[in-house]
Each structure stands twice: as structure tokens, then as C-alpha cells.
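I have placed the structure first, in the form of C-alpha cells, so that the comments after it can refer back to it.
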Amino acid sequence: MKNFWLLCFLLSTLWGVAHDGYDLWLRYDQIADETRLGEYQNAFGGIYFNTDSPTLKVALQEMDRGLSGLLAQSPRFLDTASDGAGLIVLKKVLLDATTLQQVAGDFEGLGRDGFVISPITSNGRKATLITANEDLGILYGVFHFLRQLQMQQPLHALKERSTPKTDIRMLNHWDNLDRTVERGYAGFSIWNWHTLPDLIDQRYIDYARANASIGINATSPTNVNANAEILTPHYLEKVQALARVFRPYGIKVYLTARFSAPIEIGGLQTADPLDTQVRQWWKDKATEIYSLIPDFGGFLVKANSEGQPGPQNYGRTHADGANMLAEALAPHQGTVIWRAFVYSEHDLTDRAKQAFSEFVPVDGQFHTNVMLQVKNGPIDFQPREPFHPMFGAMPKTPLMMEFQITQEYLGFSTHLVFLPRLFEEVLQADTYRKGKGSTVARVIDGSLHGYTRTGMAGVANIGTDINWTGHPFGQANWYGFGRLAWDPYMSSEQIAEEWLRTTFSNERGFLQPMKQLLLGSREAVVHYMNPLGLHHIFDSGHHYGPGPWVDNHSRPEWNPVYYHRADRLGVGFDRTATGSDALQQYAPHWAEKWGDLASCPEEYLLWFHHLPWTYVLKNGHTLWEGMALTYQQGVVEVQQMKNTWAQMAPYVDLEQHDRVSMLLDIQLKEARWWRDACLLYFGQFSGEPLPPGVDAPDHSLGYYQSLKFPYAPGIRPSWDD
Ligand code: GCV
């Protein structure tokens with residue numbers, strides 16, 4: 001057996017198909033199914049492709065690259081459609097009347113970025129048409145077409161009409177200028193500011209390609225805990241060089257704007273948003289940026305949050321701050337994306353309530369080019385949170401979704417967790433703000449409140465690691481984020497299927513078990529980290545591993561004990577009327593359902609309720625037993641993931657297979673660590689033994705409490721919570 005794998009490895013090396021993951025989901029390996037290959041070769045031998053712009057040129061390059069790999073033959077690009085083209089790639093304005101007639105209906109509501117792929121008859125022969133209103137639509141259409149080929153779809157299925165449901169589909173990098181990445185677990189920042197603007201790393205181009213392939217059209221390259229230097233001429237020149245690379249791929253650059261920049265780099269005495277000099281400074285800064293980057297997107301701002309400066313330093317409101325920047329950007333059609341992730345040490349109310357309390361009362365006070373970016377849940381990217389109550393509660397202010405793709409609270413880049421499942425759960429959640437069917441997806445796509453601006457942001461998990469994301473399966477989360485930003489109604493199952501097929505294999509023996517593995521992986525991490533609605537019990541600062549005992553930080557809400565409130569009597573955060581009453585921030589449907597123990601889903605139990613250890617769960621177990629058994633279940637699920645992966649060796653590059661196996665070993669070790677540490681800690685309060693079926697811990701509680709990780713990745717120096 002060993003020799004067999006060795007042979008496979010040698011052959012794969014000889015044939016040059018060893019993959020290090022750099023190609024992401026854009027691996028264009030020759031189609032394995034010979035019948036399909038033959039069909040495609042016949043159909044797409046000759047291509048007519050108009051290329052009169054930089055975007056169309058990169059689209060053509062992609063088509064060339066894709067077909068050369070997939071069909072193992074260089075495509076023949078023809079001078080006219082009538083030369084016998086089987087594939088025609090043309091913008092709407094260039095379609096002849098006969099062709100246009102065949103697809104005319106598809107253009108209705110197609111918009112700027114949408115595309116159509118359709119079988120047509122051209123010059124008496126069957127052909128496939130890729131068309132769009134604009135160049136960028138063509139690029140998106142080409143990527144989609146190639147994806148269908150990668151997935152070996154039958155010719156008759158090569159048909160699609162797709163238009164994105166959000167306008168801004170954006171990555172937020174939390175990258176610092178020194179190339180460290182806050183909450184980054186895949187190496188250093190890919191932005192080499194030192195060698196920019198003169199050295200254009202191939203990574204920048206490949207980054208743009210990868211993003212365009214999934215419809216991402218915006219990026220903010222620097223940390224929201226911002227450094228004002230990025231707005232100086234020295235750095236703007238570097239940003240300009242990046243924007244130049246991204247432009248053909250339809251990606252706009254945004255910059256994180258430090259609110260105190262007028263003082264730090266502008267020489268002013270204040271950053272008060274109502275001060276005329278400050279206002280002028282931002283106007284001049286915007287003009288300067290647009291003179292370098294005419295399609296600049298705008299500013300992304302974290303203000304008065306976790307020590308960042310903001311308008312409240314001057315007794316002004318978030319609206320005052322955002323509107324000042326909005327005025328500076330408005331003449332250039334720029335957008336202010338103002339983050340709603342705020343909580344304050346001076347506010348003693350439940351942290352989960354604070355953003356809603358600050359922003360909902362000022363709904364309608366923001367300028368039209370301001371959007372609020374809201375995290376998916378009210379605390380902070382936990383393995384499971386109920387949706388953020390702001391969704392649906394601000395009909396007059398466009399809200400953007402902020403997901404975290406990097407796995408700050410999900411095992412960094414050593415744990416395999418398929419996040420589209422989490423994203424889908426949030427997007428499908430019904431806010432009930434305008435009756436049944438008022439889903440978060442409908443808030444985000446603007447249809448619920450008639451927003452004229454829409455968007456979704458994801459905190460990137462990208463770094464200098466050769467495979468971009470550290471864990472090879474981290475790529476699935478970047479991929480899935482892009483697909484959901486394009487279409488928030490897409491199912492995580494479809495995303496899993498697409499990603500597995502394009503990244504690894506189309507074989508049934510691989511797809512079925514691996515789809516199950518991906519789709520179950522999110523629930524597994526909830527089970528072994530935060531079962532039954534527990535949250536924020538991570539060790540402080542780095543958030544690596546369990547730390548439910550931490551209670552020594554100056555700010556109460558930076559201590560895990562604040563969130564679980566365990567004592568001899570019980571555990572959980574009472575957010576009902578007898579507690580913080582955070583439930584009142586939700587529509588009555590949820591306030592009632594989640595407030596009543598009989599109808600509160602057990603996955604949110606300890607999020608909303610403080611309950612005695614003897615509370616009886618639906619399955620008849622006590623709360624303590626249920627907690628212990630769920631931790632155990634999480635461990636078992638990771639073991640099952642390992643078993644499944646072990647069977648996948650025949651379908652996956654040997655090096656990748658080995659790497660993922662080792663990562664799953666770490667994940668299993670850490671799942672046990674979570675189970676043992678948390679159960680030892682909570683067991684002190686419950687006073688009960690572990691129920692049958694739960695493995696005894698390997699070490700004492702003191703041992704787990706003594707573990708320190710001062711050099712865990714992604715940590716911000718002097719960061720505390
Ligand atoms: C960029 C959490 C993270 C911080 C992050 C913050 C935010 O608190 O731990 O690293 O800061 O969220 O989203 O602004």
C-alpha cells in the first residue's frame with residue numbers, strides 16, 4: 001500500500017500536477033471525463049472574442065488560460081463570429097440583430113455587472129454566447145463559464161443569467177503597514193509597502209484575478225485600527241499602484257481613515273468633525289486621493305471603538321463624524337463605510353446592546369453616501385450568535401454585512417470550519433421586522449427597505465502563505481464569502497459542491513463524503529467550543545484556545561466570566577426582562593420566542609438565559625450533562641472528519657492530503673483541549689461528575705489555566721481583551 005502511494009506521488013510529480021494550493025479554485029487541470037472533454041473540444045475549438053479594453057483583455061487571457069488547461073489544447077481565436085465560432089464573447093452593443101433577438105429578454109435588469117451565458121444559433125451553427133452590458137460583466141461571465149467547465153457540466157447546462165444582488169462586495173484586510181496582520185493566521189500581509197509602487201508582485205495580480213472570479217469588486221487593504229500614514233502622499237502613491245493593478249479586474253480600493261488623521265498628519269490641533277479647518281482638510285484629502293485614483297471607493301472607518309479616536313472625543317455623534325467624511329467624498333461619488341462595531345467601557349449595559357442603542361436612534365441622520373457596516377452578530381464573530389438586532393431596525397440607513405472570514409474565534413487557520421454554513425444561517429435568519437420573510441439577506445440586498453446602496457464585507461483570511469489562507473480549506477471560506485456577496489441566497493451546499501469540484505475533484509467518491517464533512521464542520525466547532533449558546537469564553541488577547549476562567553482584565557466585557565456568569569447556581573447570560581433585556585432589541589416575534597424557555601432553541605439557551613445546572617433539556621439530560629455531552633460530541637465529530645479525510649487520499653494531491661491530515665490532528669487535539677478545560681472549569685460550579693460517554697480529561701484544570709501563548713499569531717501588541 002505504501003508503495004502504491006509512493007508511486008502516485010512520483011507520477012504526480014512527473015506529470016507536474018502537484019499542487020501547493022496557490023492556484024486556489026482556479027486550477028484548470030485537464031477535464032478527466034473523456035466524453036465531456038471531447039464535447040467541449042468540439043464545441044469550443046473556435047472562439048470569437050472582442051477585446052477592446054483592459055478588462056476584456058484580462059477576460060480573454062483567462063479564457064485562454066482556462067481552456068488551454070481544461071481542454072488540453074490552445075483555443076483558436078477567430079476574427080469574426082462567422083468564421084465558425086462555437087463560443088462567442090461579445091458585449092450587448094456589439095451583438096448583431098439575429099443574435100440579440102435570441103437573448104434580448106435576458107438583458108432586462110441585468111445591470112452593470114450581470115452576464116448572460118446562452119446557447120444560440122450563429123451563422124447556422126450551434127454556439128455558446130457570453131454577453132453582458134459592460135466589460136466587467138463579460139469578465140464575470142468568463143469566470144462563470146470556466147467554472148462550469150471545471151465542474152464538467154453538460155453542454156446543455158451551460159446556460160446562466162446572473163446579476164449580483166449587492167453593489168459593494170468587499171474584502172477588509174486588517175493588515176498593518178509593517179506587514180503584520182491583526183487576526184491574520186496565514187503569514188504576513190501580502191502588501192509589500194516597502195517595495196511598492198515600483199515592484200508589482202505577481203500576487204497582486206493573482207489576488208485580483210481570484211477576487212474577480214467570485215465577484216468581489218472592492219478591497220480595503222489596511223487595518224480598521226488605522227494608521228494615518230496610509231493617507232500621506234508617500235503611501236498614496238503605493239495605493240495608486242495597487243489600484244492600477246486591480247482596475248481591469250473591476251476592484252475598487254477603499255482606505256481605512258483614522259479619525260485623528262488631521263492632527264497626526266495634517267498638523268491641525270483638533271479632529272472635531274464640526275471644525276471648519278478639519279472639514280476642509282478632509283475635502284482636500286479626498287481631492288488629492290481622487291487625483292491619483294479616480295475610481296477610489298471611499299473610506300472605511302472604525303471610530304470610538306476599542307480605543308480608536310472618533311467624533312465622540314469631541315462630544316459629537318457618529319452621524320456628525322460620518323457626514324463630515326461623506327461631504328468630502330460626495331463630489332467624487334465616494335462612499336463612507338462607517339462600522340457599527342462599538343462598545344464602551346463607560347457604558348455598563350450589556351455589550352450586546354450597545355451598537356443598537358447608539359445607532360438605531362440616529363436612523364435617517366446619515367448622508368446618502370454613508371453606509372453602516374454591521375457585524376453578523378451583536379458580540380464579535382463567535383462560532384454562533386443570533387443575528388445582529390440592527391438588521392431590519394434601520395430602514396433609512398443602508399446597512400452592510402460584515403462577516404469575518406479569518407478564523408479569530410474559530411481555531412485560527414488550523415481548524416477546518418466551512419464558514420458559508422455560518423454565513424448562510426445569518427443571511428437566512430428572519431428579522432420579522434416587516435412581517436415574516438424579512439430576512440437578513442433582504443436587508444443586505446436592499447429589497448426589504450429599498451436601500452439604494454448595498455454591500456457585504458468580509459475580513460480577509462489571506463496572507464503570504466503559499467496557499468494564501470494557511471489551511472487549504474480556508475480557501476473555501478474566501479470563495480464562499482465572494483459567492484454569497486454576489487448572491488446572499490445561495491446555499492452553502494452549492495458553494496461546498498462548487499469549491500470541492502474546482503479545487504480538488506469531480507469524483508463522486510470524493511464529493512459526497514467531503515460535502516458532508518464541510519457542511520458538518522461548523523456545527524462541530526460550535527459543539528467543542530461554545531455549545532448551547534455559550535460565547536466569548538476564549539483566552540484573552542489572542543483568542544486562541546479556551547479561557548472561561550479569565551477575570552482579571554480592567555474592562556468587565558473583556559473577561560470571559562462576564563459572558564457565562566457561571567456559579568454554583570447556574571450558568572448563562574440573562575438577556576430577558578429579568579436581565580439585560582437585550583431581547584427587546586429584536587422584533588416581538590423573537591423577543592417572545594427566545595425569551596420563553598419552552599420555545600428558545602437550545603443553541604441559544606445560554607446566550608439569552610441564566611439557568612440552573614439542573615435545568616432539564618429537551619432530551620431529558622440536565623444542563624450540565626447536556627453541556628458535557630455536547631463538548632464530547634464535538635470531539636467525536638472531529639474524529640469523524642479525520643476518518644473521512646483519511647479515505648480521500650486517492651483523490652487529492654499527496655502533499656495537500658498530508659497537510660490537511662496533520663491539521664486535523666491539531667484540530668482533534670485542540671477540540672479535546674476545549675472539552676477538557678471547559679468541563680473541568682464549569683464542573684467546579686455544577687458540582688456534578690462527567691456523565692457516562694464523556695472522556696476523562698488528560699490534565700488538571702490548573703494545567704489548562706497555566707498555558708500561555710504570548711506569541712500566538714494575529715495578536716495586536718498591547719491588546720488586552
Ligand atoms: C480590528 C475584535 C478583534 C479586534 C478587531 C475588532 C474590530 O475585537 O479582536 O482585533 O480589531 O474586533 O472588529 O474592530
Of the residues in the stretch 212-227, those that are away from the ligand (no atom under 16 Å from the Cβ) and in a loop (DSSP other than H, G, I, E, B) come to ILE214, GLY215, ILE216, ASN217
In the stretch 367-383, residues that are surrounded by 23 or more Cβ atoms within 10 Å (Cβ to Cβ), away from the ligand (no atom under 16 Å from the Cβ) and not aliphatic (A, V, I, L, M) total 0
- prompt: Given the structure, is ARG716 basic (Lys, Arg) and part of a helix (DSSP H, G or I)?
  reply: no
Of the residues in the stretch 141-182 that are within 16 Å of the ligand (Cβ to nearest atom) and touching a helix residue (DSSP H, G or I) at 6+ places or on another chain (Cβ under 9 Å), the one that is nearest to TYR409 (Cα to Cα) is LEU171
GLY541 fails exactly one of (1) away from the ligand (no atom under 16 Å from the Cβ); (2) within 30 Å of ALA712 (Cβ to Cβ); (3) small (Gly, Ala, Ser), namely (1)
*Would it be correct to say that GLU408 is modelled with pLDDT of 95 or more and within 16 Å of the ligand (Cβ to nearest atom)?*
yes
Cβ pairs under 7 Å, 6+ apart or interchain, first in the stretch 587-602 and acidic (Asp, Glu), second surrounded by fewer than 20 Cβ atoms within 10 Å (Cβ to Cβ), ordered by first then second residue, are GLU602/LEU617; GLU602/LYS618
Per the filter on the stretch 318-353, residues over 24 Å from the mean Cα position of the chain (by Cα), farther than 21 Å from ASP272 by Cα and either within 16 Å of the ligand (Cβ to nearest atom) or part of a loop (DSSP other than H, G, I, E, B) (or both) are GLN333, GLU345, ASP347, LEU348, THR349, ASP350
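Rundown of residues vs (1) farther than 25 Å from PHE246 by Cα; (2) surrounded by 17 or more Cβ atoms within 10 Å (Cβ to Cβ), yes/no style:
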position: VAL116; (1), (2): no, yes
position: ALA132; (1), (2): no, yes
position: LEU139; (1), (2): no, yes
position: HIS144; (1), (2): no, yes
position: GLN152; (1), (2): yes, yes
position: LYS159; (1), (2): yes, no
position: SER162; (1), (2): no, yes
position: LYS165; (1), (2): no, yes
position: MET170; (1), (2): no, yes
For the stretch 66-96 the number of residues that are under 32 Å from the mean Cα position of the chain (by Cα) and surrounded by fewer than 15 Cβ atoms within 10 Å (Cβ to Cβ) is 1
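Okay, residues lined up against (1) within 20 Å of the chain's Cα centre (by Cα); (2) surrounded by fewer than 21 Cβ atoms within 10 Å (Cβ to Cβ); (3) assigned to a loop (DSSP other than H, G, I, E, B):
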{"site": "ARG183", "(1), (2), (3)": "yes, no, yes"}
{"site": "SER189", "(1), (2), (3)": "yes, no, yes"}
{"site": "PRO197", "(1), (2), (3)": "no, yes, yes"}
{"site": "ILE200", "(1), (2), (3)": "no, yes, yes"}
{"site": "TYR204", "(1), (2), (3)": "yes, yes, no"}
{"site": "ALA210", "(1), (2), (3)": "yes, no, no"}
From the option list ALA441, ALA485, ALA496, single residue qualifying as in a helix (DSSP H, G or I), of a type in the set (A, V, I, L, M, F, W, C) and under 30 Å from ASN176 (Cβ atoms) is ALA485
The residue that is farthest from VAL443 (Cα to Cα), considering only those in the stretch 499-520 that are of a type outside the set (Phe, Trp, Tyr) and not in a helix (DSSP H, G or I), is GLU507
- For the stretch 242-252, does any single residue satisfy the condition of being in a loop (DSSP other than H, G, I, E, B), out of contact with any helix residue (DSSP H, G or I) (no Cβ under 9 Å at 6 or more places or on another chain) and away from the ligand (no atom under 16 Å from the Cβ)? no
For the stretch 122-137 the number of residues that are closer than 15 Å to TYR48 by Cβ and either touching a Cys at 6+ places or on another chain (Cβ under 7 Å) or in a strand (DSSP E or B) (or both) is 8
When the stretch 410-442 is checked residue by residue, the ones that are touching a His at 6+ places or on another chain (Cβ under 7 Å) and surrounded by fewer than 24 Cβ atoms within 10 Å (Cβ to Cβ) are THR414, TYR432
Of (1) among the aliphatic types (A, V, I, L, M); (2) more than 16 Å from the ligand (Cβ to nearest atom); (3) surrounded by 18 or more Cβ atoms within 10 Å (Cβ to Cβ), ILE230 fails just (2)
Just one listed residue, out of THR452, THR431, THR464, is touching a helix residue (DSSP H, G or I) at 6+ places or on another chain (Cβ under 9 Å), away from the ligand (no atom under 16 Å from the Cβ) and more than 28 Å from GLY187 (Cβ to Cβ), and it is THR431
Just one listed residue, out of ALA485, ALA524, ALA496, is crowded, with 24+ Cβ neighbours inside 10 Å and under 23 Å from LEU300 (Cα atoms), and it is ALA485
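The values are calculated or read from the model by the stated rules, or taken from the named source; none is laboratory data. All values derive from a computational prediction rather than experimental measurement. Here the Cβ is made from the backbone with ideal geometry for all residues, glycine too, and neighbour counts use every protein chain on show.
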